[in-house]
Amino acid sequence: MLDPLAALRTPDDPPCDVYLTGSVFLDIIFTGLDSAPVRGTESWARGMGSSPGGVANMATALARLGLRTSLAAAFGDDKYGEYCWESLEHGEGIDLSLSRTVPGWHSPVTVSMAYEGERTMVTHGHEAPPEESAPCDPPLARACVAALRPGEGQGWIAAAARRGSRVFADVGWDETGRWDPGDLADLEHCEAFLPNAEEAMRYTRTDCPRAAARRLAEKVPLAVVTMGSEGACAVDGGSGENAEVPAVAVEALDPTGAGDVFVAGFVTGTLAGWPLADRLAFGCLTAALSVQEFGGSLSAPGWAEVAAWWQHVRSFDDQGRAALRRYAFLDALLPGPARPWPLRRAVPTIGFRRV
């Protein structure tokens with residue numbers, strides 16, 4: 001597998017490149033719906049896939065880009081949990097030594113319905129019971145990715161920063177509707193914050209993603225705002241550098257997990273020491289490639305797919321020539337396919353019986 005950090009590795013490196021913790025869901029995705037389901041009717045979907053979801057989306061995306069990834073999560077001891085564990089550990093090479101299987105706890109499940117470029121989700125699950133002897137500190141790692149929880153501090157984030165990890169944070173939808181900037185206190189321990197445009201504007205009380213990025217850069221060294229079909233923008237609060245890149249135009253099948261894949265691409269470029277604009281562009285590219293497949297985790301691209309896309313656009317028309325200029329940095333990274341092809345993909349069933 002292509003190692004984007006090969007030139008930077010030393011014998012004194014920490015055992016993993018990126019550490020994550022969070023909840024793993026079983027995602028069941030329906031696509032090919034002509035419209036949102038209507039109450040009292042039955043809708044038939046033209047496509048369906050199942051895959052590990054939740055924090056597994058980002059863990060898989062990081063691992064497929066060649067980063068040594070460690071995940072701490074709870075797994076149910078049902079068939080869903082078994083499938084998710086096997087997919088992540090054996091299928092993707094993710095280190096699950098800090099994860100656990102919880103007896104008698106069923107895996108949370110999310111059903112995602114994609115239509116008209118949007119998605120609607122229904123989730124069922126319960127919080128996993130706490131560990132009796134939970135570790136106080138996260139493991140040594142080059143970086144950590146944290147999902148901030150509005151109004152809820154997470155002590156491990158500060159601990160990771162104290163141990164020298166570079167902390168990248170995103171945030172979920174604030175169900176309380178408060179959107180209180182004070183709820184993001186853990187940003188003081190983070191190197192970068194990567195919300196989407198709607199989240200960024202609500203927290204900053206602005207009406208423009210670019211203005212939101214500038215406001216957020218007052219709270220965190222690097223503010224990155226994803227803007228969907230418009231691409232992404234970023235403001236470096238230290239140097240004052242601004243960057244913006246357009247999205248890569250693709251025909252989207254399922255947007256599940258695209259934001260997680262963007263973060264994985266951006267983290268990869270950051271750890272490799274790329275310029276800010278290249279990091280944004282790579283995040284946009286990996287996210288664009290992911291939405292062409294079912295599911296959040298198993299839709300994440302590997303280097304072979306990045307290389308295939310690059311080879312394709314180099315022989316194309318005006319769009320290809322524009323991509324050549326923006327993505328010329330890929331030439332030095334892509335000696336050839338770096339992962340078995342094709343990648344494992346989401347399928348309608350959890351697993352087939354072995355004969």
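The values are calculated or read from the model by the stated rules, or taken from the named source; none is laboratory data. It should be emphasised that the depicted structure is a prediction, and the values quoted were computed from it without experimental measurement. All Cβ positions, even for glycine, are placed from backbone atoms using ideal geometry, and neighbour counts span all protein chains on display.
Annotations
- Residue selected from segment 253-285 under the condition part of a helix (DSSP H, G or I) and among the β-branched types (Val, Ile, Thr), by the criterion surrounded by the fewest Cβ atoms within 10 Å (Cβ to Cβ): 270
- Any chance residue 188 is loosely packed, with under 15 Cβ neighbours inside 10 Å and either over 22 Å from residue 271 (Cβ atoms) or in contact with a Lys or Arg (Cβ under 6 Å, 6 or more places away or on another chain) (or both): no
- Just one of (1) at pLDDT 90 or above; (2) not in a loop (DSSP other than H, G, I, E, B) fails for residue 311. It is (1).
- Any hit, segment 216-225, residues being of a type in the set (Gly, Ala, Ser) and touching a residue at least 12 places away in the same chain (Cβ under 8 Å): yes
- Residue selected from segment 47-79 under the condition out of contact with any His (no Cβ under 7 Å at 6 or more places or on another chain) and part of a loop (DSSP other than H, G, I, E, B), by the criterion modelled with the lowest pLDDT: 77
- Among the conditions (1) surrounded by fewer than 21 Cβ atoms within 10 Å (Cβ to Cβ); (2) at pLDDT 95 or above; (3) among the small types (Gly, Ala, Ser), the only one that residue 32 does not satisfy is (2).
- Residues of segment 1-20 classified as without any contact (Cβ under 8 Å) to a residue 12 or more places away in the chain and either crowded, with 16+ Cβ neighbours inside 10 Å or over 13 Å from residue 141 (Cα atoms) (or both), total: 4
- Residue among 163, 119, 142, 149 that alone is within 22 Å of the chain's Cα centre (by Cα), under 22 Å from residue 67 (Cα atoms) and among the charged types (D, E, K, R): 142
- Tabulated pairs, segment 255-280, first under 30 Å from residue 120 (Cα atoms), second surrounded by fewer than 20 Cβ atoms within 10 Å (Cβ to Cβ) and of a type in the set (Asp, Glu), C-beta under 9 angstrom, 6+ apart or interchain: 255/118; 280/244
Residue-wise test of (1) in contact with a helix residue (DSSP H, G or I) (Cβ under 7 Å, 6 or more places away or on another chain); (2) of a type in the set (Ser, Thr, Tyr); (3) over 24 Å from residue 289 (Cβ atoms).
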{"site": "6", "(1), (2), (3)": "no, no, no"}
{"site": "18", "(1), (2), (3)": "yes, no, no"}
{"site": "34", "(1), (2), (3)": "no, no, yes"}
{"site": "39", "(1), (2), (3)": "no, no, yes"}
{"site": "42", "(1), (2), (3)": "no, no, yes"}
{"site": "45", "(1), (2), (3)": "no, no, no"}
{"site": "54", "(1), (2), (3)": "no, no, no"}
{"site": "63", "(1), (2), (3)": "yes, no, no"}
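- Any chance residue 306 is β-branched (Val, Ile, Thr), in contact with a Ser or Thr (Cβ under 8 Å, 6 or more places away or on another chain) and closer than 26 Å to residue 166 by Cα: yes
- All told, residue 155 falls short of being in contact with an Asp or Glu (Cβ under 6 Å, 6 or more places away or on another chain) and either modelled with pLDDT under 95 or of a type in the set (Val, Ile, Thr) (or both).
- Selected residue [in a loop (DSSP other than H, G, I, E, B) and surrounded by 15 or more Cβ atoms within 10 Å (Cβ to Cβ)] from 105, 44, 85: 105
- Which listed residue is at pLDDT 70 or above and either among the β-branched types (Val, Ile, Thr) or not in a loop (DSSP other than H, G, I, E, B) (or both), from 305, 293: 305
- Among residues of segment 185-215, those that are farther than 22 Å from residue 160 by Cβ and at pLDDT below 95, counted: 0
- Qualifying residue in segment 238-247 (condition: touching a residue at least 12 places away in the same chain (Cβ under 8 Å), assigned to a helix (DSSP H, G or I) and in contact with a helix residue (DSSP H, G or I) (Cβ under 6 Å, 6 or more places away or on another chain)): no
- Of the residues examined, residue 166 is one that is in contact (Cβ under 8 Å) with a residue 40 or more places away in the chain, among the basic types (Lys, Arg) and closer than 16 Å to residue 221 by Cα.
- Among the residues here, residue 295 does not qualify as over 23 Å from residue 57 (Cα atoms) and not β-branched (Val, Ile, Thr).
- Of the residues making up segment 207-235, those that are surrounded by fewer than 17 Cβ atoms within 10 Å (Cβ to Cβ) and not in a helix (DSSP H, G or I) are 207, 208, 218, 221.
- Segment 122-139, residues that are assigned to a loop (DSSP other than H, G, I, E, B), at pLDDT 85 or above and more than 17 Å from residue 71 (Cα to Cα): 125, 126, 127, 129
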